[in-house]
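To start, the structure under review is shown below, and the notes come after it.
The values are calculated or read from the model by the stated rules, or taken from the named source; none is laboratory data. The model shown is predicted, which means the values in this text are computed figures rather than measured ones. Because the Cβ atoms are built from the backbone with ideal geometry, glycine has one as well, and the counts that use them run over all protein chains shown. We work out accessible area using only protein heavy atoms, side chains counted, and drop any ligands, DNA or RNA first. Shrake-Rupley method; radii C 1.70, N 1.55, O 1.52, S 1.80 Å.
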Amino acid sequence: MPPVFPMLTVLSMFYYMCLRRRARTATRGEMNSRRAIESNTRALPINVEIVQYAKEVLDFSSHYGSENSMSYTMWNLAGIPNVYPSSGDFTQTAVFRTYGTWWDRCPSARLPFKRTPSTFCSQDYVELAFEEPVYPTAVHILETYHPGAVVRILACSANPYSQNPPAEVRWEILWSEAPTKVNGPQARQFTPCIKQINFPTNLIRLEVNSSLLDYYTELDAVVLHGVKERPVLSLKTSMIDMNDIDEDEDEEKFGCGMDTLNKQFSIVTLREWPTNGYFDKLPYELIQLILSHLAVPDLCRLAQTCKLLYQHCCDPLQYIHLSLQPYWARINDTSLEYLQSRCTLIQWLNLSWTGNRGAISVSGFSRFLKVCGSELVRLELSCGHFLNETCLEVITETCPNLQELNLSSCDKIPPQAFNHIAKVGSLKRLILYRTKVEQTALLSILNFCSELQHLSLGSCVMIEDYDLIASMMGAKCKKLRSLDLWRCKNITESGIAELASGCQLLEELDLGWCPTLQSSTGCFTNLARKLPNLQKLFLTANRSVCDTDIEELAANCTHLRQLDILGTRMVSPASLRKLLESCKDLSLLDVSFCSQIDNRVVLELNANFPNVFIKKSFTQ
């Protein structure tokens with residue numbers, strides 16, 4: 001009889017481990033909390049606890065505010081509280097760019113990557129430096145409006161103020177949990193039970209997910225408690241369930257054992273069975289389909305079982321779409337080197353948040369793209385602070401089929417480097433939010449990338465004349481469907497007229513916090529008449545939006561789904577009723593700080609139009 005049982009036994013054990021891990025995921029946060037509590041109770045009081053507020057904000061993925069202001073920016077997290085314990089919408093707090101699921105339900109929404117672990121749900125992050133490295137005993141987060149967005153707290157071994165950078169940078173998860181809905185927008189002090197770590201830290205990272213929130217979350221300050229000397233644990237460890245240690249401790253080392261990913265990639269010594277049992281009878285495509293449901297670390301583990309599964313797990317067809325963002329803290333040059341042979345057919349690649357603090361070098365990134373870039377269609381590099389001009393040049397030279405490029409918050413790329421993007425004439429989506437792109441480079445991009453359908457220029461503060469940019473868009477980018485001009489400081493009615501005349505396929509337009517646009521010039525009525533396909537229009541903080549503009553939208557933009565007119569003083573309840581009656585698909589209407597729209601009007605509109613989320617913010 002053929003020896004099929006060893007092969008089946010190995011695979012059965014593998015799937016048992018996967019199922020066991022999934023079954024325990026739901027209670028992992030509870031287990032972590034229990035272990036943290038037990039550890040804290042075992043600590044001997046040999047140190048005086050140090051309490052400190054964040055000294056500096058080092059890095060973040062997005063914020064609601066301007067790059068040249070303090071209002072609603074992440075920089076407000078440094079120092080003592082400005083608002084707490086008050087509740088409400090205050091400019092002195094830190095606010096991320098998005099909330100809810102509205103951004104996933106608009107024309108510019110991007111398709112998610114498959115194989116993203118269910119344990120990774122982070123959408124944004126902020127990194128905070130503190131004065132003194134300590135062994136953390138508690139982290140207090142002061143949330144002043146719509147709390148509940150924080151899903152993960154991490155500590156880093158690197159001291160941002162040290163003159164000697166460490167040879168290895170380690171990140172440890174202090175606490176993590178799936179997003180939860182918090183009842184009410186009131187302020188709170190959030191103090192989760194954190195895990196003890198074996199190194200001192202003065203660099204804390206918060207990761208957030210705002211998808212369950214009804215409005216923007218606002219954070220006021222972060223307080224780090226800790227001791228200078230490592231706490232001594234008692235020997236009474238019997239209360240800890242050993243089952244909590246084996247697998248979960250490995251997973252907490254970041255994303256299902258990614259600390260050993262490089263070793264797993266390089267495994268070449270495999271046991272060879274005389275036969276592979278019934279697996280030899282399964283079609284190759286069927287095994288590939290089964291394995292396509294495994295995350296990258298699980299593929300690496302399975303590849304170590306036998307040569308047959310090694311062959312399947314290393315097949316480039318398993319890596320057509322690859323997101324390494326969930327494992328950002330463990331990805332380095334060695335990881336990319338081991339992945340090269342598997343990614344020769346890759347089409348979608350997500351390296352967002354990876355490579356910082358020297359983990360990925362320019363040469364390592366370049367070598368990877370030269371081997372794996374020929375078939376790339378989508379490249380996500382958000383917050384990739386290792387990127388420089390050489391990297392952009394390599395992208396344009398090695399990725400001839402590239403259609404989507406995300407450089408959001410890559411604020412270390414020098415202005416002249418963006419000229420290289422003009423060489424990628426096939427681009428359909430380009431995200432330059434919070435970058436240093438300058439006017440000359442952007443004009444060149446618009447001139448040569450006429451296939452653009454989605455363009456984000458939010459918070460690009462180095463562009464001098466947005467009217468000229470809008471004119472070039474109207475002349476060259478006829479296929480444009482979504483455009484983000486968030487906090488564009490100098491566009492006028494002239495630029496809007498050129499844009500509306502030339503880009504009549506626009507379905508999404510963000511003109512939030514554009515102070516030079518005035519309703520009296522007719523710019524908003526012109527938009528409504530020439531862009532009948534609009535589904536999302538943000539006119540946030542434009543005080544001049546009036547009833548005439550709303551009535552024009554009601555008459556011409558009947559497909560409208562999302563409208564933000566926060567802060568206007570000129571819109572009456574009567575015009576809003578016309579809009580709601582005309583735009584049957586409307587799902588989001590933000591009338592926060594609209595002086596004529598009080599709570600009584602909002603309640604009435606909610607009663608008559610229950611399918612529309614009507615937001616009215618407040619300040620106490």
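Working note: Debye formula, equal point scatterers on the alpha-carbon atoms of the chain, no solvent; log10 I(q)/I(0) at q = 0.06, 0.08, 0.10 Å⁻¹ is -0.36, -0.65, -0.99.
From the P(r) of the range 88-174, can you give the percent of Cα pairs sitting at distances over 16 Å? I get 70 percent for the Cα pairs in the range 88-174 exceeding 16 Å. Our summary gives the chain a relative contact order of 10 percent, counting only alpha carbon pairs under 8 angstrom and 6 or more residues apart.
DSSP assigns beta bridges within the chain; of those with both partners inside it, close to 55 percent run antiparallel. Summarising the label geometry, the points placed 7 Å from Cα in the beta-carbon direction at Gln163 and Leu111 lie 5.3 nm from one another. Note on exposure: Glu604, Glu218 ranked by accessible area (1.4 Å probe, complete protein assembly) read Glu604, Glu218, with the most exposed listed first.
Calculated [222 nm] ellipticity per residue, helices only, for the chain: -8000 deg cm²/dmol; basis is -39500 (n - 2.57) per DSSP H run with n ≥ 4, divided by all residues, nearest 500. With contacts taken as Cα pairs under 8 Å and at least 6 residues apart, the range 464-619 reaches a relative contact order of 16 percent.
Rank by packing, highest mean first: peptides 123-129, 155-161, with packing defined as the count of other Cβ atoms within 10 Å averaged across residues. Write down the numbers at each step before the final one.
On the way: 123-129: 21.4, 155-161: 19.0.
Answer by packing, highest mean first, reads 123-129, 155-161.
By the rule of a C-alpha distance below 26 Å, with chain neighbours fewer than 8 residues away ignored, the lysines paired with Lys489 are Lys412, Lys428, Lys436, Lys476, Lys478, Lys479, Lys530, Lys536, Lys615, Lys616.
The Rg/Rh ratio of the range 464-619, with Rg taken over Cα atoms and Rh as the Kirkwood radius over Cα pairs, comes to 0.96. A simple spin-label model places pseudo-atoms 7 Å from Cα toward Cβ; at Lys412 and Glu56 they are separated by 1.4 nm. The range 576-620 and the range 391-438 have Cα centres spaced 39 Å apart.
Taking 56 Å as R0, compute the FRET efficiency from the Cβ-Cβ separation of Glu285 and Thr390 and round it to 0.05.
Details: r = 40 Å, r/R0 = 0.71.
Efficiency, from the Cβ-Cβ distance: 0.90.
Calculate, for Thr521 and Leu212, the FRET efficiency according to 1/(1 + (r/R0)^6) with r their C-beta to C-beta distance and R0 25 Å; round to the nearest 0.05. Spell out each step's value before the answer.
Numbers: r = 40 Å, r/R0 = 1.59.
Working from the Cβ atoms, E equals 0.05.
Using only the alpha carbons of the range 354-483, what is the convex hull's orientation-averaged projected area in square nanometres? So the mean shadow area of the Cα hull is 6.9 nm². Between Ile320 and Glu397, the modelled label-to-label distance comes to 3.0 nm, taking each label 7 Å out from Cα in the direction of the beta carbon.
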